[in-house]
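Enquirer: Here it is, the structure, as structure tokens.
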Amino acid sequence: MAIVVIVGGVTIGGLVNYANQQAAEAEEAQRLIEEQEAEEQAEADAISAQEEEDQQERDLRHDYVYYIESSVQTMAEEHVAEGFIDGPIIDVSCTPVGGGSIDDLSSNTTIFECFVANEDNGDGTMSGHCYNATVSWSSGEFTYGFGRA
């Protein structure tokens with residue numbers, strides 16, 4: 001009977017060791033899973049932060065077009081006052097040309113063609129003059145003038 005007890009003791013000890021090894025492996029697997037999840041979350045957070053920053057830049061660029069249009073309108077009104085063009089100035093709208101886009105954040109410069117309406121044709125269309133503007137997004141400066149871009 002002493003032999004059975006010794007063998008039984010070894011078997012129980014072996015099972016305990018096996019159970020401890022399995023628990024350690026499970027803990028390691030769980031740690032690796034948590035580590036992977038943390039890395040994925042950090043990557044997702046970084047992408048989300050970049051997307052938010054990019055959207056803020058796009059919004060800023062869209063708002064900037066208002067300042068360009070306002071400056072072109074001021075110039076056009078000066079041209080009316082000087083008799084260079086007829087007035088009054090009804091509307092000013094500026095749009096990117098040459099495939100440019102204010103949403104393309106890789107573009108450091110955008111060229112705009114601005115339409116300055118000074119006559120309502122009565123049929124839903126307007127007549128007017130072309131002005132132009134060029135924006136350097138990196139410096140935040142723009143130039144503008146009379147004529148096509």
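Enquirer: Just for the stretch 106-115: of the residues that are open to solvent by less than 50 Å² (accessible area, probe 1.4 Å) and hydrophobic (A, V, I, L, M, F, W, C), which one is nearest to L60 (Cα to Cα)?
Expert: F112
Enquirer: Between a residue in the stretch 136-149 that is free of Cβ contacts under 8 Å to residues at least 60 places away in the same chain and any residue that is open to solvent by 90 Å² or more (accessible area, probe 1.4 Å), which pairs come within a Cβ distance under 6 Å, given they are 6 or more apart or on different chains?
Expert: S138/N108
Enquirer: Could I ask something else about it? Could you look through the stretch 78-104, keep only residues that are under 13 Å from G128 (Cα atoms) and acidic (D, E), and pick out the one that is most open to solvent (accessible area, probe 1.4 Å)?
Expert: So the residue we want is D86.
Enquirer: Further question: Select from the stretch 36-54 the residues that are at pLDDT 90 or above, open to solvent by less than 100 Å² (accessible area, probe 1.4 Å) and of a type in the set (D, E, K, R) and list them in ascending order.
Expert: Hit for the stretch 36-54 is D54, nothing else.
Enquirer: Out of the stretch 94-134, which residues are in contact with a helix residue (DSSP H, G or I) (Cβ under 7 Å, 6 or more places away or on another chain) and β-branched (V, I, T)?
Expert: I102, V116
Enquirer: Among the residues of the stretch 100-137, which ones are closer than 17 Å to V65 by Cβ and assigned to a loop (DSSP other than H, G, I, E, B)?
Expert: G100, S101, I102, D103, D104, L105, S107, N108, W137, listed by residue number.
Enquirer: Ok, one more. Just for the stretch 71-99: of the residues that are outside any loop (DSSP other than H, G, I, E, B) and small (G, A, S), which one is nearest to F142 (Cα to Cα)? Full working, then the answer.
Expert: Pass one, the stretch 71-99, residues outside any loop (DSSP other than H, G, I, E, B): 71-81, 91-96.
This time we only want the ones that are small (G, A, S), so: 71, 76, 81, 93.
Details: S71: 10, A76: 16, A81: 23, S93: 16 Å.
This residue is S71.
Enquirer: Please indicate, with yes or no, whether at least one residue in the stretch 44-61 is farther than 21 Å from N132 by Cβ and part of a loop (DSSP other than H, G, I, E, B).
Expert: No, the conditions are met nowhere in the stretch 44-61.
The values are calculated or read from the model by the stated rules, or taken from the named source; none is laboratory data. The shown structure was predicted, so the numbers you read here are calculated from the model rather than taken from an experiment. Positions of Cβ are backbone-derived with ideal geometry, glycine not excepted, and every protein chain shown enters the neighbour counts. These accessible areas exclude ligands, DNA and RNA; they are computed on the full protein's heavy atoms, side chains included. Shrake-Rupley method; radii C 1.70, N 1.55, O 1.52, S 1.80 Å.
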